[in-house]
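J.: One structure, pasted below without further comment.
The values are calculated or read from the model by the stated rules, or taken from the named source; none is laboratory data. All values derive from a computational prediction rather than experimental measurement. Heads up, the Cβs are rebuilt from the backbone with ideal geometry, glycines too, and the neighbour counts pull from every protein chain shown. With ligands, DNA and RNA removed, areas are computed over all heavy atoms of the protein, side chains included. Shrake-Rupley method; radii C 1.70, N 1.55, O 1.52, S 1.80 Å.
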Amino acid sequence: MTPVEPSSAQSTEESGQVWSRLFPYRAVLAVDARNFSAHTSTEMQQINADIQTLLDRALFGVGLSGQWERRSFGQHTGDGYVAGLDTQVLPALVGCFPDALREELWSLRQERPGRSPLQLRVSIHVGPLPDSGLGVPMVHTHRLLDDQALRDLLSRADPEVTNTAVIISERVYEDVFESGCQTGHAVPSQFKGRFVRVKTFERPARLHVPGLDWGLADSSIFDVPGDAAGQSGVGADVPPAGPPAPPAAGGVTFHQNGSGNGAVQGLTNHVHNDFRGQS
């Protein structure tokens, strides 16, 4: 007899208990353009289109074009883009994609020498998400993207030299580097420990700038004056892992305009969370 697949909520005759099937685990990739609001409306439209092209090219360059074509909940976020991918490609996303994106940004710069260099922030997270992409891991992906140290890396950098800054969740870091999988030329020491605090979100993460050796960087430039704990900077120690903080209470509103990969979506938590941070 063929077993019946459980619905979203299923009970068992033996116990009468009700349980739900966990959403599929997905790798979540989000990118955001620095200083997006400083551009004109026409420039914003061009940047929006450029980001899609850059992602297409960079992911093709690391052998993920097929995965990218089958991405889940691919959506423009105005100043960026977010999509879900198979978790099996995390070693490529973490180890190879940042360099490929940097190269594509340089190529774009050469194609348009008269325009301001485009700089992108990238966050990578993983977790159970439905096909809509609406869920806590999505919110956390954008909290990582809003981290102040990640923003500082690009705001302090020479845009002619540094065009990409990446943050990955500690879960992604552990899954990738503890697996022993090949990650191109990337090594664990290129991912600097950082405890992220954005609104009610407080989690350990890792910062990465393609080509940067953190052993040569002065992490004190990211210290915030008056921060006695010293945990606002890139060099802040990651505190011991503890039980994860429960999701903040409150209602969530999801909105989407259009359909397919060209649609635009948003998420607003009426108490604490906003789907997209400021650029």
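J.: Over region 10-109, what is the relative contact order in percent, taking alpha-carbon pairs closer than 8 angstrom and at least six residues apart?
T.: Over region 10-109, the number comes to 33 percent.
J.: With all protein chains present, calculate the accessible area of Cys181 using a 1.4 Å probe and round the result to the nearest 10 Å².
T.: Counting only protein heavy atoms, the figure is 70 Å².
J.: Let me ask you something else. Which percent of the accessible area of region 104-203 is formed by carbon and sulfur heavy atoms (probe 1.4 angstrom)?
T.: On the way: 2070 of 4360 Å².
On region 104-203, the fraction of accessible area on carbon and sulfur atoms equals 48 percent.
J.: In whole angstrom, and with the biggest value first, how far do the Cα coordinates of region 21-172 range along each principal axis?
T.: 52, 30, 27
J.: Starting with the highest mean, order 53-66, 119-132 by the number of other Cβ atoms within 10 Å, averaged over the residues of each peptide.
T.: Answer by packing, highest mean first, reads 119-132, 53-66.
J.: Would you please put 160-169, 108-117 in order of how densely packed they are, using the mean number of other Cβ atoms within 10 angstrom per residue and starting with the highest?
T.: Output ranking for 160-169, 108-117: 160-169, 108-117.
J.: Counting Lys +1, Arg +1, Asp -1, Glu -1, what net charge surrounds Leu90 among other residues with beta carbon under 15 Å of its beta carbon?
T.: -1
J.: Averaged per residue, what accessible area in Å² does region 35-127 show with a 1.4 Å probe, protein chains only?
T.: Averaged over the residues of region 35-127, the accessible area is 42 Å².
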